[in-house]
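Written out below as structure tokens is the structure these notes cover.
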Amino acid sequence: MSFDQIAQWVDQAIEQTPVLDLHTHLYPPSFGGFNLWGVDELLTYHYLIAETIRATDIPYDKYWSMTQQQQADLIWKTLFIDRAPISEACRGVLTTLGKLGLDLSSRDLNSYRAFFKSQKPEAYLETVLKLANVRQIVMTNDALDPKEREIWLSGKPIDARFKAVLRIDPVLVGWPKVSETLSSFGYKTSGDLGSTTMSEVRRFLNEWIERMKAIYVACSLTPDWRYPDDSQTTRVINEAILPICRERNIPFAVMIGVQRQVNPQLRLAGDSVGKSDIKSLDRLCATNQKNKFMVTMLARENQHELAVTARKHRNLFLFGCWWFLNNPSLIEEMTKMRMELLGTSFTPQHSDARVLDQLIYKWDHSRKVIAKVMKEKFADLEKTGWKVTREEIDRTAKEYLGGNFERFLSLTPS
């Protein structure tokens with residue numbers, strides 16, 4: 001089989017296979033203001049905020065006092081007009097606008113705004129999903145957020161293409177303060193994490209997993225997270241999260257490596273990255289073999305050890321190139337390494353999108369990188385004398401773009 005034939009099959013398989021995007025911060029239109037879309041949302045994404053403030057001498061307070069449109073105007077002028085927009089975040093905006101059929105040669109931000117103003121949320125969602133070829137979106141849902149909580153309690157039907165995830169960061173790491181929030185919602189909790197409180201935490205998890213039909217429970221952790229230790233975090237993991245996840249046979253997803261607010265003046269853009277301890281992840285998986293775990297790590301320096309760790313624990317599912325790793329050079333490096341160590345038993349990418357339109361560029365860019373690596377690996381396979389088939393390539397594309405994750409969700413650890 002020629003390389004050209006293999007390349008053609010891979011390109012077709014990756015392009016035509018609809019994606020199950022297993023981690024996003026997106027919401028359907030029925031969630032109102034949570035559903036972010038449009039060019040001003042794209043431009044004021046926190047990646048571009050940090051890039052703009054770095055490139056200017058604007059005082060932080062002055063930037064934050066601006067309206068969103070004023071912020072977008074500044075970002076457009078600074079990063080797209082006064083400078084070449086070659087960063088991945090900038091290129092992503094341009095890929096999105098171009099795929100939507102807008103004239104990039106005009107560089108006319110107001111004409112782009114006019115296009116988005118003419119769109120209706122429900123119809124625009126269909127446009128984006130079609131362009132990105134995404135079949136299912138997994139949200140990130142906060143039952144402690146009063147506004148989101150109100151939407152869930154209303155009982156409004158949720159678009160079936162959007163699946164919920166119960167995000168529990170405050171419950172895991174926010175003691176004793178989070179006990180006040182849970183108490184205000186009718187749970188008999190206190191800061192001491194006694195037996196009554198722990199029982200109520202389990203009740204909270206059970207009720208909200210059921211209400212949302214959450215397909216996994218998730219949290220992000222700092223690089224200094226350790227397991228096990230004598231912290232309240234370990235107690236909540238062992239006595240509440242793991243028992244509930246085990247009973248319901250859903251994964252506990254840990255996203256490890258974020259350093260919070262290294263520059264608070266940047267607000268949401270002020271978080272950074274740090275190298276994490278993978279031995280704690282090893283112990284978490286080894287001592288809780290009847291639980292399922294999902295993991296992604298933020299530091300590039302963790303990726304080789306993480307891939308090896310995934311080889312050792314079949315109850316651990318490795319996914320995506322998260323946040324600061326969502327750049328083509330790093331996606332290629334990590335995907336190649338993971339294919340070499342894990343074969344087809346992982347998910348190469350998730351979008352982590354916060355703005356609906358980002359699905360267009362994140363999957364366009366990632367598909368190209370995943371296809372590039374697959375072509376190389378199937379060509380290497382052909383060189384051994386193994387006759388590569390189109391069915392193998394199609395199957396592998398489906399596994400990487402959602403099938404592996406669906407299989408993991410259905411497994412019952414033993």
### Query
Is at least one residue of region 387-397 under 20 Å from the mean Cα position of the chain (by Cα) and buried (at least 17 other Cβ atoms within 10 Å of the Cβ)?
yes
### Task
May I ask you to verify whether residue 227 is within 28 Å of residue 402 (Cβ to Cβ) and among the hydroxyl-bearing types (Ser, Thr, Tyr)?
no
### Task
Select the helices (runs of 4 or more DSSP H) contained entirely in region 112-185, then report the ones holding at least 2 residues which are more than 20 Å from the chain's Cα centre (by Cα) and surrounded by fewer than 18 Cβ atoms within 10 Å (Cβ to Cβ).
121-132, 146-154, 177-184
### Task
May I ask you to say which residue of 362, 375 is within 12 Å of the chain's Cα centre (by Cα), charged (D, E, K, R), outside any loop (DSSP other than H, G, I, E, B) and modelled with pLDDT of 95 or more?
362
### Query
Can residue 159 be described as touching a Pro at 6+ places or on another chain (Cβ under 7 Å) and closer than 23 Å to residue 350 by Cβ?
yes
### Query
Filtering region 187-203 down to residues that are in contact with a helix residue (DSSP H, G or I) (Cβ under 9 Å, 6 or more places away or on another chain) and not in a helix (DSSP H, G or I), which residue is surrounded by the most Cβ atoms within 10 Å (Cβ to Cβ)?
189
### Message
Six or more apart or on different chains, Cβ atoms under 6 Å: show the pairs whose first residue is in region 387-413 and in contact (Cβ under 8 Å) with a residue 12 or more places away in the chain and whose second is of a type in the set (D, E, K, R) and assigned to a helix (DSSP H, G or I).
### Response
388/382
### Task
Please state which one of 345, 351 is crowded, with 23+ Cβ neighbours inside 10 Å, part of a loop (DSSP other than H, G, I, E, B), touching a helix residue (DSSP H, G or I) at 6+ places or on another chain (Cβ under 8 Å) and of a type outside the set (Phe, Trp, Tyr).
351
### Message
Could you list, ordered by first residue, the pairs with Cβ atoms under 8 Å in which the first is in region 292-314 and closer than 16 Å to residue 352 by Cβ and the second is crowded, with 19+ Cβ neighbours inside 10 Å and of a type in the set (Ser, Thr, Tyr), at least 6 apart or interchain?
### Response
294/216; 297/276; 298/276; 299/276
### Query
Condition test on residue 265, is it in a helix (DSSP H, G or I), touching a residue at least 40 places away in the same chain (Cβ under 8 Å) and farther than 30 Å from residue 247 by Cβ?
yes
#### Entry: Scope region 7-62; condition buried (at least 20 other Cβ atoms within 10 Å of the Cβ), farther than 17 Å from residue 88 by Cα, polar (S, T, N, Q) and out of contact with any strand residue (DSSP E or B) (no Cβ under 6 Å at 6 or more places or on another chain); matching residues
17
### Message
Checking the conditions here, which among 324, 293 is aromatic (Phe, Trp, Tyr) and under 21 Å from residue 259 (Cα atoms)?
### Response
324
### All positions within region 57-111 that are among the basic types (Lys, Arg) and under 27 Å from the mean Cα position of the chain (by Cα)
91, 99
#### Entry: Filtered residues of region 1-38 (kept if polar (S, T, N, Q) and more than 17 Å from the chain's Cα centre (by Cα))
2, 5, 8, 12, 16, 17, 30
### Message
Restricting to region 387-405, name every residue that is on the phi < 0 side of the Ramachandran plot and in contact with a strand residue (DSSP E or B) (Cβ under 9 Å, 6 or more places away or on another chain).
### Response
399, 400, 401, 403, 404, 405
### Task
Consider residue 140 carefully, then state whether it is polar (S, T, N, Q) and closer than 26 Å to residue 293 by Cα.
yes
### Message
Within region 19-28, does at least one residue satisfy the condition of being at pLDDT 95 or above and part of a helix (DSSP H, G or I)?
### Response
no
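The values are calculated or read from the model by the stated rules, or taken from the named source; none is laboratory data. Being a predicted model, the structure only gives us computed values, none of them experimental. Note that each Cβ is placed from the backbone with ideal geometry, even for glycine, and that neighbours are counted across all protein chains shown.
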